[in-house]
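Readers should treat all values here as calculations from the given coordinates under stated rules, not as data from a laboratory. Quick caveat: nothing in here was measured; it's all calculated off a predicted structure. Cβ placement follows ideal geometry from the backbone for every residue including glycine, while neighbour counts extend to all protein chains displayed.
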Amino acid sequence: MVADDQALVRSGFSLILSSDPLIEVVAEAGTGVEALAAVRETRPDVVLMDIRMPEMDGIEATRHLTGGAAPGTTRVLVLTTFDADEYVFQALQAGASGFLLKDTLPAELITAVRTVARGDALLSPAITRRLIESYLQAGTPPEPARPPVPATALPPLTPREHDVLAAVARGQSNHEIAEDLYLSYSTVKTHVSHLFAKLGVRDRAQLVIRAYQAGVVTGPG
């Protein structure tokens, strides 16, 4: 589903996504309120969500979609023209699984939707480090919408799980982690799944935030 307050932008994104035979655009929305109603009706796998919309902005709509006692399976990919740290952080804290700028190339947009649909988060290492370090070093990160555990505490992790968590926090993909730690790809996926369960997070984006909050990674690289 595509949510954007500009009709031409919505149509353009829908045409791009519909050009992929594996993607079906089931609905469009022009406001956050319309987006929530469309999600309830169509149950899409992914919502391409603009941030600035009337009635309810994309961040608040994302909170409604991903929060609550029993959040649904719909994942949110935030797409905006605003390359500002606070928007990225708020979107991820609200539960978004990825963040893209509107100058993204069509092929990259399709890849991003596929990535989020299969349950992975879309975070580049550059955005990850610049975003979270800038807030945590300032000591004033926004409060998480639904923190799974106290920000400074982590449940007991195995040494390998700690290594994998640190690699995820640096923005590495599962393939890159497998190469660096001399593990199989399936083993890395298993470790990441265990981390989701132990840390009480729903996707890779929230896992990165928890790692930085807990001080697992405190500097670039």
Exercise for the section: Pairs of Cα atoms under 8 Å, at least six residues apart: use those to get the relative contact order of the range 2-122, whole percent. Expected result: 22 percent
Exercise for the section: Mind checking the full-extension length gain between VAL9 and ASP180? Use 0.36 nm per residue of separation minus the Cα-Cα distance, one decimal, nm. Expected result: 57.5 nm
Exercise for the section: Sort ASP203, ASP50 so the one with the fewest other Cβ atoms within 10 Å of its own Cβ comes first. Expected result: ASP203, ASP50
Completion exercise
Assertion target for SER184, SER11, ordered by fewest C-beta neighbours within 10 angstrom first, is SER184, SER11
Exercise for the section: Under 15 Å from the Cβ of GLU24, count the other residues' Cβ atoms, weight Lys and Arg +1, Asp and Glu -1, and hand me the total. Expected result: -2
Handout entry: Burial ordering of HIS64, HIS191, HIS175, fewest other beta-carbon atoms within 10 Å first
Key = HIS175, HIS64, HIS191
